[in-house]
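Data block below; observations after.
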Amino acid sequence: MKIFSTKGKTKSDIVFDTIILILCLFIFLLVAYPLYFVIIASVSDSTLVSTGQVTLYPKGFSLFGYKEIFNDSRIWVGYKNTIIYTVLGTFVNLLLTLPAAYVLSRQDFKARRFLMFIFVVTMFFNGGLIPTYLLMKELSLINNMWVFILPFSVNVFNLIITRTFFESSLPKELFEAAQMDGCTHFQFFGKIALPLSKAVISVVGLYYLVGHWNDFFTGLIYIRDYSLQPLQIVLRDILLSNQVFAEGAGAGGAAGGYAQKYADQIKYGVIIVSTLPILIIYPFIQKYFEKGVMIGSVKG
Amino acid sequence: MALINPQAKKAVPEMTTKPAKKRNILQSLKRDYQLWIMILPAIVIIIIFNYIPMYGVQLAFREYDFTKGITGGEWVGLHYFKEFINSYMFADLMKNTVVISLATIILGFPAPIILALIINQVIWKRWKKAIQTTVYLPHFISLVVMVGLLNVLLSPNSGVVGHIMHSFGWDINLLASEKAFVPVYVLSDIWQHAGWNSIIYLAALASVDPQLYDSAKIDGASRWQTIRYVDLPAIVPTMIILFILSMGNILNTGFEKIFLMQNPLNLPVSEVIATYVYKIGIISNQFSYSAAIGLFNTMINFVFLIAMNYIAKRFSNISLW
Amino acid sequence: MKRLGYGFLAASLAALVLAGCSDKEEKAAVTKDGKPQLTALITKHPLTQDVNKIEWLKEIEDRLGIDIKWQEVSADWDQKKGALLAGGDVPDLIIGPNAITDADYVQFPGLFEDLSDDVDSSLPNVQAMFDAKPETKAIATQLDGQIYGLPKYQRFWPGTATRQFINQEWLDNLGLKMPTNWDELYTVLKAFKDEDANGNGDKNDEIPMDFSPTGTIGFGFFQPTVLLGSFGITLTDASGSGYYVEDGQVKNFLTDERYKELVEFLHKCYAEGLINKEVFTQDYTKYQSLARGEKDTAKVGYTFGWEVTDRFGNELAPQYASMAPLQVTAGDDVQVSWDYDYNGLNYGVNMITLSAQSQNKEAALKFINELYDPKVSMQVLFGSIGTNIEENADGSFKVLPPKDENMDPGTWKWTTTWADNGPMYVSDDLKLELGTDMQSVGKQTEPLQEALDAIDVENDVLPSMFIKYSKEDNSKLSLNNTNLMNLALAKYSQWITKGGVDKEWDAYLENAEKTGLPENIKIMQKYYDDYKKNQ
């Protein structure tokens, strides 16, 4: 199989493509090796791992780490909760962010600059943990699953990204042309803008999704009940129960060494367990980045 | 995504009459009521969750007194700010923080762009997909593991990188060296996040009208020229916006990674504002002092942001507001 | 689709509003059967099982006819605590080692119940502890005479946390004697490095000396600062920020000539390759892994730790011997000392607090009292009678080996009960035979015992645990200490690895003053003197 055809290419093109290929190979290895290391470390004897004896393949193979993680019944509750919070949360995020970004992208919307400023300010100034906690308490969001979904559902960074995309891909002419056919903003947004913006919706959707998936601070501060905790909190707890040897002084003894042998497996195993679902979803989202989405929308 | 359609640059005559300078607010509301409805939920959320608790900002100017709540403490004005600026550690903290942040921005900003441009040029589809998928994965490694990985791989006695360096005759312990701290910190940051950050540029590049590539080819452009004249302009708006935003992070180094990477040998360069605040906080509850430092930090960030935004507005047409 | 979306949004906003307007329910103070219901939070060790499964705890609840709803925190307590306290959402009981600190009492007045007036009426077991061990009362009493948190006393722990170990087998292999002073230590370490001490044919795989990671906040256990004892300096609780007491004077070793000598000695060792090159960059896991060697080949010659099996693992433990403190040079007439940790290991501050807004104060007080019953306290520490402890016919007790054979006694203890994290009073008259791990620690402390016994507790120990500072002074102390340690730790590691302590010493002393060290010494001296006066 030819890596690339040389048909119709100048010499400089071939050189260029070769350079690109080599760069890519280098990048791939640079990134892939440590990831591979994480995988083999999650099934190797931890003392061998930390003294650097595990390099290309697992040594002292053991599934202790994974067993510890999956034996903990809380993990299934964690998975369930996280999936719920992520799906609902991302939905609400997009519901709020997309229209707002659209509005802010309209050049002739008078309050545009003012509102943008209001949003940006919140990226910098916030009242701190305690006033926020008190507010959540007032709204009865403490120990309540909605605390994962409703507060902070507009991420200003994502809002800005979306607005930027809308600004350049939905020029005024497009709307005016539609307006001539009697189209309102609502209709324009729903029928024309959204379908054209699959790429940005999938990117921002991905950002929100991962944000929810990795969130562990919310559960840490606002939730008491274990039944409501997301995956990250459960994993963190499991991780900490096995990191006890970081303390010393009477915390472990003779065969405390046993658990220590495999303690770090959990550290690495946890990453695999929490990343796998994202790995599975990503390809589905990625296809929206494919070329050709914007063909022929504005002609002259 | 910038749709660079050369024909669209032609000025299109205004369809409506030129609006009067000061439009009546009511009339604006009436004309744009649909837009207002669309943006209202987001505004409400921001007001409730971000602006209502903002009264807490004044903690930096008050002596925290629990019995009187956050707003009831005695007003001490700039007392804590002065204390911080005059403190023994101030100069070092500022220096270290700025160095680390700046290095992260200067090196970390172009990396995702270059990565996106490279990946975008790969022809073999399967290979392109493989790289795209692998390169964002490190983003998901938690900081604890990331630093653990660094410790294992860079260890001079037992790490893979350590061994490679030894074979080149470089016998320094990267983890112990003051000079190596910032490079290791920044490069590992890039390693971890460049892939994830390149997603947005890749999405922008994916939406470039294929016609442009065709016309470039017809004009006899080399691959390199294609990048310069088609790819880059497509992502310039995104680049500018992201750069302005990153300037707003000039004093934010993040706490956890630095704290985990700190050891007594690199302490002179690794002690930053965030770790300092943590340390003074764990022994006694220095609410007001840490709030003051936090606010000081934020103010500087914000000033930079405003400055950058202004510059961007003047030299390109792209800005936050 | 769009309409569905907006409808959903409207509905959820409405729900939010409604949720906010709902009536606040009264916290249920009573269970269905009329039993008092208490809420309690415990900061437990991550290994500890679900506390609802602990036998002795269930027995107490049955005995008293109460029901307790537990919230278990095994991580991130510092982050959760702030929100919890500021929100006023305090559970009836909060349990854990210094879970609520003295500083918290000052920051959040009115949240916690003053127990000083309850001790003689409702807490007889606590009163008994105060009578038998008056220092416990001192630990618990705040500056204004109030008692917000109760202490613990666990009796059996050794006088120090740090023991020093040397590989006896290596000494025998090379025909060397146990070193008794720094010069001899240096010679031995050099031999370890140059020869094939572990007998595996490789002369270069021995690491003569290793010590625990120093961190960036302060000194800790298992570090060479204990060698300051060779000068007669008595550290207390590892003297994290350098403070100690000598002849009734509060001092800081960081600006002491003797500390300079120690650093010079360590640098001499490091320059000869006698100290692990990664000593300042490795983490605790690596530090422990290294000492476990490779199968039955030991890697580390001389180091510090809690106990041999914990430090070296089961395989290599028999090779190591615990050492007596070293003199600086042969024939020194200074009485050698060591790190005095008796207080830190046996006493604990603020182990349990009671909320001032509790609706079940009586029931809570009864529960607290039960915990301090010596027979119950014993179970809090080592586990329930039956599974962990055996009761003998004559009323004495014996700690049983772990039921899970894979666990060592320490891990077993932490898994099955609150262990050192619980409030307790293990009285001195209790007849209890300890488990193998504690006995082992006791044996290994023997070489140090003479030095420990020689310590003049009255004049050479800094009783940090018993001294309470005011809010302002506490603030000043911690701010200055942060500055000081930032300077000190950087220099400490730099001088050991690269040398230069002689050249930079004077400039360093000047900088140390700028950090506020003299101010701290003055403050601490004042409080120390007051404490002595009130003894």
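The values are calculated or read from the model by the stated rules, or taken from the named source; none is laboratory data. As the structure is a prediction and not an experimental result, all values here were calculated from the model. Quick reminder, even Gly has a Cβ in these numbers, built from the backbone with ideal geometry, and neighbours come from all protein chains shown.
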Qualifying positions in region C:513-528 - within 12 Å of chain B (Cβ to nearest Cβ) and either at negative phi or modelled with pLDDT of 95 or more (or both) = C:Glu513, C:Lys514, C:Thr515, C:Leu517, C:Glu519
remark   = C:Asn252 vs (1) over 26 Å from A:Asp45 (Cβ atoms); (2) touching a Lys or Arg at 6+ places or on another chain (Cβ under 6 Å); (3) not hydroxyl-bearing (Ser, Thr, Tyr): all pass except (2)
inquiry  = Take the residues in region A:128-169 that are polar (S, T, N, Q), more than 9 Å from chain B (Cβ to nearest Cβ) and on the phi < 0 side of the Ramachandran plot; name whichever of them is surrounded by the most Cβ atoms within 10 Å (Cβ to Cβ).
reply    = A:Thr162
remark   = Over region B:207-243, the set of residues within 19 Å of A:Arg163 (Cβ to Cβ) and without any contact (Cβ under 8 Å) to a residue 60 or more places away in the chain is B:Thr238
task = Read through the list (1) at positive phi; (2) under 20 Å from the mean Cα position of the chain (by Cα), then give the number of the only condition that C:Gly273 fails.
result = (2)
ask   = What is the residue count in region B:300-310 for residues that are closer than 21 Å to A:Phe165 by Cα and without any contact (Cβ under 8 Å) to a residue 60 or more places away in the chain?
value = 1
query = Restricting the first residue to region A:10-30 and requiring it to be surrounded by 12 or more Cβ atoms within 10 Å (Cβ to Cβ), which pairs with a second residue that is basic (Lys, Arg) and assigned to a helix (DSSP H, G or I) meet a Cβ separation below 7 Å and a spacing of at least six or different chains?
reply = A:Asp13/B:Arg223; A:Phe16/B:Arg223
remark   = Of the listed residues (C:Lys468, C:Lys498), the one being at pLDDT below 95, of a type in the set (Lys, Arg) and buried (at least 18 other Cβ atoms within 10 Å of the Cβ) is C:Lys468
ask   = When you scan region B:104-221 for helices (runs of 4 or more DSSP H) that lie fully inside it, which ones turn up with 3 or more residues that are closer than 28 Å to A:Leu235 by Cα and of a type outside the set (Lys, Arg)?
value = B:125-136, B:143-154, B:178-206
task = Check whether at least one residue in region C:340-361 is more than 30 Å from C:Gln127 (Cα to Cα) and surrounded by 24 or more Cβ atoms within 10 Å (Cβ to Cβ), and report yes or no.
result = no
query = So, in region B:108-134, of the ones that are surrounded by 16 or more Cβ atoms within 10 Å (Cβ to Cβ) and within 19 Å of the chain's Cα centre (by Cα), which residue ends up nearest to the other protein chains (Cβ to nearest Cβ)?
reply = B:Leu115
ask   = On the given criteria, is A:Ser12 in contact with a Lys or Arg (Cβ under 9 Å, 6 or more places away or on another chain) and modelled with pLDDT of 85 or more?
value = no
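Residues checked against (1) within 28 Å of C:Asn350 (Cα to Cα); (2) at pLDDT 90 or above:
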{"position": "C:Thr415", "(1), (2)": "yes, no"}
{"position": "C:Ala419", "(1), (2)": "yes, yes"}
{"position": "C:Val426", "(1), (2)": "yes, yes"}
{"position": "C:Leu434", "(1), (2)": "yes, yes"}
{"position": "C:Asp437", "(1), (2)": "yes, no"}
{"position": "C:Val441", "(1), (2)": "yes, yes"}
{"position": "C:Leu448", "(1), (2)": "no, yes"}
{"position": "C:Ala451", "(1), (2)": "no, yes"}
inquiry  = For region C:44-72, give me each residue that is closer than 24 Å to C:Asp104 by Cα and surrounded by 20 or more Cβ atoms within 10 Å (Cβ to Cβ).
reply    = C:Lys44, C:His45
remark   = Condition set touching an Asp or Glu at 6+ places or on another chain (Cβ under 6 Å) and in a helix (DSSP H, G or I), scope region C:398-431, selection surrounded by the most Cβ atoms within 10 Å (Cβ to Cβ): answer is C:Gly410
message = Condition first: outside any loop (DSSP other than H, G, I, E, B), at pLDDT below 85, more than 10 Å from chain B (Cβ to nearest Cβ) and farther than 15 Å from A:Tyr268 by Cα. Can you find one or more residues in region A:24-40 that meet it?
response = no
key: Cβ pairs under 7 Å, 6+ apart, first in region C:361-376 and under 25 Å from C:Asn388 (Cα atoms), second among the polar types (S, T, N, Q)   = C:Asn369/C:Ser122; C:Asn369/C:Asn125; C:Leu371/C:Ser377; C:Tyr372/C:Asn125; C:Asp373/C:Asn125; C:Pro374/C:Ser427
ask   = Any chance region C:440-458 includes a residue that's charged (D, E, K, R) and within 14 Å of chain A (Cβ to nearest Cβ)?
value = yes
note = Within region A:202-220, restricting to residues that are more than 9 Å from the chain's Cα centre (by Cα) and over 13 Å from A:Thr97 (Cβ atoms), the one that is modelled with the lowest pLDDT is A:Phe216
task = Would you mind finding the one in B:Leu202, B:Leu153 that is in contact (Cβ under 8 Å) with a residue 60 or more places away in the chain, aliphatic (A, V, I, L, M) and either at the interface with chain A (Cβ under 8 Å from one of its Cβ atoms) or buried (at least 19 other Cβ atoms within 10 Å of the Cβ) (or both)?
result = B:Leu202
Within region B:253-279, tally of residues that are buried (at least 20 other Cβ atoms within 10 Å of the Cβ) and either in a loop (DSSP other than H, G, I, E, B) or aromatic (Phe, Trp, Tyr) (or both) = 9
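A quick yes/no check of all residues on (1) within 15 Å of A:Phe37 (Cα to Cα); (2) touching a Cys at 6+ places or on another chain (Cβ under 7 Å):
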| site | (1), (2) |
| --- | --- |
| B:Lys125 | no, no |
| B:Ile131 | no, yes |
| B:Tyr136 | no, no |
| B:Ile141 | yes, no |
| B:Asp171 | no, no |
| B:Leu174 | no, no |
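Quick grid of which residues meet (1) touching a residue at least 24 places away in the same chain (Cβ under 8 Å); (2) surrounded by fewer than 19 Cβ atoms within 10 Å (Cβ to Cβ):
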site: A:Thr47; (1), (2): yes, no
site: A:Thr51; (1), (2): no, no
site: A:Ser73; (1), (2): no, yes
site: A:Asn81; (1), (2): yes, no
site: A:Ile84; (1), (2): yes, yes
site: A:Leu94; (1), (2): yes, no
site: A:Ala101; (1), (2): yes, no
ask   = If you check A:Ser153 against the conditions, is it hydroxyl-bearing (Ser, Thr, Tyr) and touching a residue at least 12 places away in the same chain (Cβ under 8 Å)?
value = yes
query = Going by the structure shown, is C:Lys468 more than 22 Å from B:Ser270 (Cβ to Cβ), in contact with a helix residue (DSSP H, G or I) (Cβ under 8 Å, 6 or more places away or on another chain) and within 14 Å of chain B (Cβ to nearest Cβ)?
reply = yes
